[in-house]
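Inspection log for the structure reproduced underneath, given as structure tokens.
The values are calculated or read from the model by the stated rules, or taken from the named source; none is laboratory data. All values reported here derive from a predicted model rather than from experimental measurement. Don't worry about glycine lacking a Cβ; one is built from the backbone with ideal geometry, like all the others, and counts go over all protein chains shown.
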Amino acid sequence: MADKINVPHVLSRKGGPKLTMVTAYDAPTARIADAAGVDMILVGDSVANAVLGYDDTLAVDIDVMIHHTAAVARTEPDALVVGDMPWMSYHVSVDDAVRNAGRLVREGGAEAVKLEGGRKRIPVVKAILSAEIPVMGHLGLTPQSVHAMGGYRVQGKAGEAARELLEDAHELAEAGVFALVLEGIPDVLAQLITKEVSVPTIGIGAGEHTDGQVLVFHDVLGLHDGRVPKFVRKYANLFDDAVLALRAYVGDVQSGAFPGDEESYHMTEEAAKELFKEEPRDDLSWPLSW
Ligand code: KIV
């Protein structure tokens, strides 16, 4: 059994070996991720799109995130469990943010929380840290800002915007985040941020030079038949495999091939004789195992 991953361990991996993170939203996906040996499981607010059928991540609230985080944490993975703070769970007030982060830890079993945004989140980050809860930052194409960004667009493509992101990264690292997700930014900017900040960077659509990578479980395993972003590499097509398997099941039920004798329960001979002693039946099939 591998060792339990904790926050100091993640920090120690700055500069390598590369960190791996994948999302998971329930016990089976957490068990698969942990068996594969990922360092961190992110219970992302992408649960909204990947699992709950919404078009964006804005639909899920803190109760939904606690529900899914708890399902992951109950599997007691070796991977660090990071609970994502959903939109409006840290935007109203600092007190509210600390309370919600605390709920993700106490009720959800998260070992760290992640929140989106740059310098303007520093007071919230510091307050959550002062409640002894480790915080992971998230910069660049931050899906909770979909309306502010005017869609899901690569961020930091030009001078000023790139400089702003670099400054955000510095300030978040100085505030004490233990890692920084960099999403949807040019690879050279991610490389620059990775070289300059003291904490590990975890890229998603940010090129090859970050300290680690994260992908969404359902994208990387091809668990849906929708389009995936350019930055995703699909390592399996489980949607297609699942459809084929279920078609075989449907066919077997319709043809009578399932269930078979080995998938059925039998009565003992004595119990059957007792059941039919008043009125013997020859219109029923008798189990072969007698
Ligand atoms: O919710 C999520 O899945 C995320 C990752 C894409 C980083 O925030």
Hey, does the range 4-12 have a residue that's out of contact with any Pro (no Cβ under 9 Å at 6 or more places or on another chain) and either acidic (Asp, Glu) or within 13 Å of the ligand (Cβ to nearest atom) (or both)? no
Looking at (1) surrounded by fewer than 24 Cβ atoms within 10 Å (Cβ to Cβ); (2) farther than 18 Å from residue 10 by Cα, which is the one condition that is false for residue 197? (2)
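This table checks each residue for (1) over 13 Å from the mean Cα position of the chain (by Cα); (2) more than 15 Å from the ligand (Cβ to nearest atom).
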| site | (1), (2) |
| --- | --- |
| 20 | no, no |
| 32 | no, yes |
| 35 | yes, yes |
| 54 | yes, no |
| 89 | yes, no |
| 96 | yes, yes |
| 99 | yes, yes |
Within the range 173-203, track down each residue that is aliphatic (A, V, I, L, M), touching a helix residue (DSSP H, G or I) at 6+ places or on another chain (Cβ under 8 Å) and within 22 Å of residue 22 (Cα to Cα). 177, 179, 180, 182, 185, 193, 199
Of the residues 155, 144, 191, which is under 18 Å from the mean Cα position of the chain (by Cα) and either in the same structural domain as residue 18 (by TED's automatic domain parsing) or within 16 Å of the ligand (Cβ to nearest atom) (or both)? 144
Filter result for residue 16 (away from the ligand (no atom under 13 Å from the Cβ) and either among the hydroxyl-bearing types (Ser, Thr, Tyr) or farther than 29 Å from residue 209 by Cβ (or both)): no
Inter-residue pairs, beta-carbon under 7 Å, first within 6 Å of the ligand (Cβ to nearest atom) and in the range 39-50, second in a helix (DSSP H, G or I), 6+ apart: 45/57; 45/65; 46/57
Which one is surrounded by the fewest Cβ atoms within 10 Å (Cβ to Cβ) among residues in the range 32-79 that are under 17 Å from residue 100 (Cβ atoms) and in contact with a His (Cβ under 7 Å, 6 or more places away or on another chain)? 47
I need the full set of residues from the range 101-123 which are hydrophobic (A, V, I, L, M, F, W, C) and away from the ligand (no atom under 16 Å from the Cβ), in order please. 105, 122
Filter result (out of contact with any Ser or Thr (no Cβ under 8 Å at 6 or more places or on another chain), more than 28 Å from residue 214 (Cβ to Cβ) and of a type in the set (Asp, Glu)) within the range 228-278: 252, 262, 263, 269, 270, 274, 278
